[in-house]
Amino acid sequence: MSSALARLPHELDARVAGVARPHPSAPELPLVIPRNVDELVECLRAATREKLALVPCGLATKLAWTRAPERADCLLSTRALDAIVAHEPDDGTLVAQSGIALATLRARARAGGHWCTPDLPRPETSTLGGALALGRSGADRTRHAPLRNHVLGMTVALADGTLAKSGGRLVKNVTGYDLQRLYTGSHGTLAVIVDAALRLFPAPESEAWLVRDVADATEALRVARAASELTTRWLTLSIERRRERWSVLGRLAGKAPVVEHELALARPVLGAPAARDADAAKLADEVRDASPSTAANFARIGCRPSRLAEALGIVGESLVDARIEPTIASIEFTTSRSTAQLAALRPALAKLAASLHLVSPEAGVETFDALGGSSSVARADAPSAELALMRRLKAQLDPHGVFACGRFVGGL
């Protein structure tokens, strides 16, 4: 660490608060934690001047979700930027800095009578900026759609320290280009998220948790399809595999009369509720926090809903624990197979236009991009039109490569 510290200019060195790894397979680097926005800007200006490569992060719990950087000098954490900037319960909006824990954010929204998406696993160790950088939608995406749809505005710090704003703080005054959608899911390769304005939803008055155990994946898909075709507004609807046991789980939430009506519709498919109200919320949180995505090694597959059964058939024998969201055709699972064995499934999945994203700390094993391309494909001399556009955006927003390259699709 000493040699890395020696390369840091005073502006960064004064704020080094330990060490961390930019990837499980990479060496430890200094961890820089600016105490406020002004210090964040100073750090970025110093990095630009000294030609340093930074890895933006929050609590550094999801750095294995991308590749190890090609070169990095330190990690830049926003965890100290954890204030709620504005909360307007009457307008259903909340503005918070990126380092705030999702658990804190959701509790504040609930105190004002609202629900805040995303409902991610282990929210006490997940930050708003981390969720936005990953573009990670929660279990409540079934009702509320992707997280990026509910980001009204955002402030980011560009590579040279410039603070840039997009969107607004209220639904009625959001204007200009939706650059906040560009930053959402960019994995910190374009800018550091400083704060974001979120759209909130009414908090439910009543909840119900339904569980139906089934024999196998085929029956689970059939039951889940029948549940999804009901005229109910599921908050969450998923298929779970735990210890070789398959279940279909549904969560209803809203005004009490509406939940009662939807329960009457759902009973023929999923049976009587297993829990109501506070007990239902507790069970839902337990299932959420046991998601395969909380494991050190897991895989995620995305495909068209019409191809979900075929994709599940390809990976069926590889599953240990799994969570399947049928309405968005997402499969997350842990497996006893090696990363190389999982990677061998990609040609069959590619025929279904399905993407495979492996999250593993293993070094020296080829992994695949979230967009479905392998490292060799993503860095080909003739990139796709989409990848070419992404590279142009990277060149415009980070011309000197301050945000460490190599972590995201196409070597970005």
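The values are calculated or read from the model by the stated rules, or taken from the named source; none is laboratory data. Values in this document were obtained by computation on a predicted structure and should not be read as measured data. So basically every Cβ, Gly included, is an ideal-geometry build from the backbone, and we count neighbours across all protein chains shown.
In the stretch 203-272, counting only strands (runs of 3 or more DSSP E) that sit wholly within it, the ones holding 3 or more residues that are more than 17 Å from Asp119 (Cβ to Cβ) and in contact with a helix residue (DSSP H, G or I) (Cβ under 8 Å, 6 or more places away or on another chain) span 206-214, 245-254. Quick one: in the stretch 337-365, of everything that is at pLDDT 85 or above and polar (S, T, N, Q), which residue is nearest to the chain's Cα centre (by Cα)? Checked the stretch 337-365; the qualifying residue nearest to the chain's Cα centre (by Cα) is Ser355. Kindly establish whether Ala191 is surrounded by fewer than 18 Cβ atoms within 10 Å (Cβ to Cβ), within 18 Å of the chain's Cα centre (by Cα), hydrophobic (A, V, I, L, M, F, W, C) and over 25 Å from Ala278 (Cβ atoms). Spelling it out, it is not the case that Ala191 is surrounded by fewer than 18 Cβ atoms within 10 Å (Cβ to Cβ), within 18 Å of the chain's Cα centre (by Cα), hydrophobic (A, V, I, L, M, F, W, C) and over 25 Å from Ala278 (Cβ atoms).
Give Ser137, Ser186 a once-over and let me know the one that is within 18 Å of the chain's Cα centre (by Cα), assigned to a loop (DSSP other than H, G, I, E, B), among the hydroxyl-bearing types (Ser, Thr, Tyr) and within 25 Å of Arg233 (Cβ to Cβ). Give the steps one after another, and end with the answer.
Details: Ser186 fails: within 25 Å of Arg233 (Cβ to Cβ).
When all the criteria are applied, what remains is Ser137.
It is to be established whether one or more residues within the stretch 131-147 are among the acidic types (Asp, Glu), under 16 Å from Asp82 (Cβ atoms) and in contact (Cβ under 8 Å) with a residue 12 or more places away in the chain. Scanning the stretch 131-147 turns up no residue that is among the acidic types (Asp, Glu), under 16 Å from Asp82 (Cβ atoms) and in contact (Cβ under 8 Å) with a residue 12 or more places away in the chain. For the stretch 248-271, indicate whether the set of residues that are within 30 Å of Ala344 (Cα to Cα) and either at pLDDT 95 or above or in contact with a Pro (Cβ under 6 Å, 6 or more places away or on another chain) (or both) is non-empty. Among the residues of the stretch 248-271, at least one is within 30 Å of Ala344 (Cα to Cα) and either at pLDDT 95 or above or in contact with a Pro (Cβ under 6 Å, 6 or more places away or on another chain) (or both), which makes the answer yes.
Among the candidates Arg148, Arg122, single out the residue that is at positive phi and surrounded by fewer than 20 Cβ atoms within 10 Å (Cβ to Cβ). Let's see the steps before the verdict.
On the way: Arg148 fails: at positive phi.
Going through Arg148, Arg122 in turn, just one is at positive phi and surrounded by fewer than 20 Cβ atoms within 10 Å (Cβ to Cβ): Arg122.
Among the residues of the stretch 201-210, none is identified as surrounded by fewer than 18 Cβ atoms within 10 Å (Cβ to Cβ), within 16 Å of Glu262 (Cα to Cα) and among the hydrophobic types (A, V, I, L, M, F, W, C).
Hey, can you tell me all the residues within the stretch 24-38 that are in contact with a helix residue (DSSP H, G or I) (Cβ under 8 Å, 6 or more places away or on another chain) and closer than 19 Å to Val156 by Cβ? The answer is Val32, Pro34.
So is Ala111 among the aliphatic types (A, V, I, L, M), surrounded by fewer than 24 Cβ atoms within 10 Å (Cβ to Cβ), farther than 13 Å from Thr61 by Cβ and free of Cβ contacts under 8 Å to residues at least 60 places away in the same chain or not? Yes: the conditions hold for Ala111. Within the stretch 243-264, the set of residues being surrounded by 14 or more Cβ atoms within 10 Å (Cβ to Cβ) and either over 21 Å from Leu319 (Cα atoms) or of a type outside the set (A, V, I, L, M) (or both) comprises Trp246, Ser247, Gly250, Arg251, Leu252, Ala253, Gly254, Val258, Val259, His261, Glu262, Leu263. If the condition is being more than 17 Å from Ala60 (Cα to Cα) and surrounded by 24 or more Cβ atoms within 10 Å (Cβ to Cβ), then the stretch 95-104 contributes only Ala96. If the condition is being closer than 16 Å to Thr339 by Cα and either basic (Lys, Arg) or touching a residue at least 40 places away in the same chain (Cβ under 8 Å) (or both), then the stretch 276-313 contributes Pro292, Ser293, Ala296, Asn297, Phe298, Ala299, Arg300, Ile301. A count restricted to the stretch 90-99 and to residues that are touching a residue at least 24 places away in the same chain (Cβ under 8 Å) and more than 22 Å from the chain's Cα centre (by Cα) stands at 2.
Just so you know, in the stretch 284-306 the residues that are at pLDDT below 95, part of a helix (DSSP H, G or I) and surrounded by fewer than 18 Cβ atoms within 10 Å (Cβ to Cβ) include one that is farthest from the chain's Cα centre (by Cα), and it is Ser306.
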